[in-house]
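Here the structure comes first, spelled out in C-alpha cells, and everything after it is commentary.
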Amino acid sequence: MPKALKTIVPLLALTCLITAESSDWPRFLGPDGNGVVLEDDTLNTDWAANPPKILWTRQIGLGCSSFAVADGKALSLGNTNNQDTVWCFDTKTGALIWKHTYDEPKGAKYYSGGTSSTPTIDGDRVYTVSKQGKLFCLELGSGKVIWERNYSDDFDGRRQSWGWAASPVVYKNLLLIDPGAKDGALVALDKNTGETVWKIGTEEPGYSTPVVYQDRGRDRVSVFHKKALVGYDLESPGDPLFRYSWRTSYGANASNPHFRDGKFYISSGYGSGYAVIDVTKPEPELLHRDRELILKVQTSILVGDHVIAHYGGDGDPRNLVALNFDSGEIAWKQEVPGDLGNVIAIGDHLIVFTDSGHVILGKDQGDHFQELGRKHALLGTSWAPPSYSNGRLYLRNNLGKAICLDVSKTN
C-alpha cells in the first residue's frame, strides 16, 4: 500500500494531457512531451547582437535529468554521495526553494551515474522516480511527501541494467508509470493517492518515457519497452493494440517515439538506427529504415514533415539531420560539435544542445539548416535535453553543473 496517502487537494478536473500555461515546461520534453512549443514570442533570435547571458548556476549532483519548469520554479534531480536530491529553484535567481533527499546508489555503470528521469509537474504536485524505482508525489510549493511507491516492492518491477529512466506521465486523473512487471508493464495510479487503478502488459522496461497520442478519435499510449514498441488503449486498457519487435544491444531503447497518421518513428543506438513503421495493419509493417542514424540516449523532434535529431554516440559523431518522416529522404545534414545532442523547437526556431556543452540556435529552412548563433555553455558531457520557459534556457551536464541562460528578447 502507498505510504502517506493523505490527500492535500481535491481531485482536479480531468484533462487529456498535463494542464500547463504556454510558458511552462512542466515535464520531460515540454508541455506536450515532444520537445516542441508551437508559439513563443519571448525567444531572442539575434544572438550576434544580443548573446545569451548566464542568469545563475548551481551544482545538483550526478545524472542526466533535465529540468521541469512551472509556477516560477525549476526542478531537477541529481545524486551526491549515494543520495538523490530533488531540487526546486527560483527560476529568476536560482535561489533554493526546497529540496528532498533520500538514499540511492549512483549506479555508475560505464558512465558517471546518477539520476535519469525528469520531474513531472501537475498543478500543485510534482512526481519523481529514481533509478531504483522510488516514486514520490511531492507538494510543489514545499517538497513535502504526499505519497510514495516502490517499483520493485509494490509492483514486482524488473529493473534493467541502468535502472528506471522513464519520467512519470500524467493522463487525466492517472499517473502512468512503467515498472515492467510480468503482470503490469504499464501501470496507472490515481495521481492524487498513489493507489493502483489498472495494470496492463507483460514487457520488460526500456528507458524511454511513454508517449500519449490520439489515433482515430481515441486516446492511446506507446511505450518503447526493452524489446519492442507497444501501443495500448487508454480508454479501454487491455491487450496491446500492436507490438513491433525491436531488439537492441543491452535492451537500450531510450529515445522518444513519434506518431503521425498511423505511423511511428523509433530509433536506438548500437547499430539499430531508426525505422518508421505502419501500425494500422494487423501486423505492423516496416516502411523505411537506416541503421546509420542512431539515437543512443538522445531525443528527436518531429516538426512538419521532418524528424530532426543529432545522431551519433559511442565516440562516433554524426550530424544534425532532418529526414522526411514519410519517405526517409534526407532533407539536410549539418555538422555540429559533439558526439550526440538533443534538439527542441521553440516556434519556428531550433535549439540544439550537444554533449560537448554547445548550444546552437538555428532554423530548418527546408533544404538546409541556418545557424543563427552558438554558445559553449558547459564543460563536460551533457546528455539531458534542454528545457525552455519564458525566455530562459535550462541546461545541465552529467557531472551536475546546472545553468540557466537568459535567451529572452529583453536580456
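The values are calculated or read from the model by the stated rules, or taken from the named source; none is laboratory data. Note that the structure is predicted; figures quoted are calculated from it, not measured. Here the Cβ positions follow ideal geometry from the backbone for every residue, glycine too, while neighbour counts run over all protein chains shown.
Take the residues of the range 29-69 that are of a type in the set (Phe, Trp, Tyr) and outside any strand (DSSP E or B): which is surrounded by the most Cβ atoms within 10 Å (Cβ to Cβ)?
PHE67
If we scan the range 347-355, do we find a residue that is acidic (Asp, Glu) and part of a loop (DSSP other than H, G, I, E, B)? Walk me through it before giving the result.
So in the range 347-355, the residues acidic (Asp, Glu) come out as 348, 355.
From what is left, the residues that are part of a loop (DSSP other than H, G, I, E, B) are 348, 355.
Yes, the range 347-355 contains a residue that is acidic (Asp, Glu) and part of a loop (DSSP other than H, G, I, E, B).
Could you pull out the residue among LEU378, LEU395 that is of a type outside the set (Val, Ile, Thr) and assigned to a strand (DSSP E or B)?
When all the criteria are applied, what remains is LEU395.
Can you tell me how many residues within the range 288-300 are in contact (Cβ under 8 Å) with a residue 24 or more places away in the chain, closer than 15 Å to ILE330 by Cα and either touching a Lys or Arg at 6+ places or on another chain (Cβ under 7 Å) or surrounded by fewer than 24 Cβ atoms within 10 Å (Cβ to Cβ) (or both)?
Number of matching residues: 5.
Checking the structure you have, find out if any residue of the range 359-381 is in contact (Cβ under 8 Å) with a residue 24 or more places away in the chain, touching a Cys at 6+ places or on another chain (Cβ under 8 Å) and closer than 20 Å to ASP41 by Cβ.
no
How about the range 70-103: which of its residues are in contact with a Lys or Arg (Cβ under 7 Å, 6 or more places away or on another chain) and not in a strand (DSSP E or B)?
Result: ASN82, THR91, GLY94.
Suppose the filter is farther than 22 Å from LEU176 by Cα, among the aromatic types (Phe, Trp, Tyr), crowded, with 23+ Cβ neighbours inside 10 Å and not assigned by TED's automatic domain parsing to the domain that holds THR118; does TYR270 pass it?
For TYR270, the condition - farther than 22 Å from LEU176 by Cα, among the aromatic types (Phe, Trp, Tyr), crowded, with 23+ Cβ neighbours inside 10 Å and not assigned by TED's automatic domain parsing to the domain that holds THR118 - is not met.
Looking at the range 315-352, which of its residues are modelled with pLDDT under 95 and over 25 Å from LEU43 (Cβ atoms)?
Scanning the range 315-352 gives GLY315, ASP316, PRO317, ARG318, ASP339.
Out of the residues in the range 52-104 meeting the condition of being among the small types (Gly, Ala, Ser) and free of Cβ contacts under 8 Å to residues at least 24 places away in the same chain, tell me which one is farthest from ASP24 (Cα to Cα).
Applying the filter and picking the extreme gives ALA95.
Taking into account only those residues within the range 331-355 that are among the hydrophobic types (A, V, I, L, M, F, W, C) and within 14 Å of TRP383 (Cβ to Cβ), which is nearest to the chain's Cα centre (by Cα)? Write out each step before concluding.
Filtering the range 331-355 down to residues among the hydrophobic types (A, V, I, L, M, F, W, C) leaves 331-332, 336, 340, 343-346, 350-353.
Narrowing the set further to residues that are within 14 Å of TRP383 (Cβ to Cβ) leaves 340, 343, 352-353.
Values: LEU340: 16, VAL343: 11, VAL352: 15, PHE353: 14 Å.
Ranking the qualifying residues of the range 331-355, first place goes to VAL343.
Matching residues to (1) hydrophobic (A, V, I, L, M, F, W, C); (2) under 22 Å from GLY194 (Cβ atoms); (3) at pLDDT below 95:
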{"site": "ALA13", "(1), (2), (3)": "yes, yes, yes"}
{"site": "GLU21", "(1), (2), (3)": "no, no, yes"}
{"site": "TRP56", "(1), (2), (3)": "yes, no, no"}
{"site": "GLY63", "(1), (2), (3)": "no, no, no"}
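Based on what the data block shows, is GLY114 in contact with a Lys or Arg (Cβ under 8 Å, 6 or more places away or on another chain) and buried (at least 24 other Cβ atoms within 10 Å of the Cβ)?
On the way: in contact with a Lys or Arg (Cβ under 8 Å, 6 or more places away or on another chain): yes; buried (at least 24 other Cβ atoms within 10 Å of the Cβ): yes.
In short, yes.
In this structure, does ILE277 turn out to be surrounded by 18 or more Cβ atoms within 10 Å (Cβ to Cβ) and more than 19 Å from the chain's Cα centre (by Cα)?
Spelling it out, ILE277 is indeed surrounded by 18 or more Cβ atoms within 10 Å (Cβ to Cβ) and more than 19 Å from the chain's Cα centre (by Cα).
Which of the numbered conditions does THR101 fail, given that it passes all the others? Conditions: (1) at pLDDT 95 or above; (2) surrounded by fewer than 16 Cβ atoms within 10 Å (Cβ to Cβ); (3) under 21 Å from the mean Cα position of the chain (by Cα).
Of everything listed in (1) at pLDDT 95 or above; (2) surrounded by fewer than 16 Cβ atoms within 10 Å (Cβ to Cβ); (3) under 21 Å from the mean Cα position of the chain (by Cα), THR101 misses just condition (3).
Give the residues of the range 304-340 that are of a type in the set (S, T, N, Q), under 20 Å from LYS263 (Cα atoms) and surrounded by 18 or more Cβ atoms within 10 Å (Cβ to Cβ), sorted by residue number.
Residues satisfying the conditions do not exist here.
So in the range 23-54, with the set limited to residues that are at pLDDT below 95 and hydrophobic (A, V, I, L, M, F, W, C), which one is nearest to the chain's Cα centre (by Cα)?
LEU38
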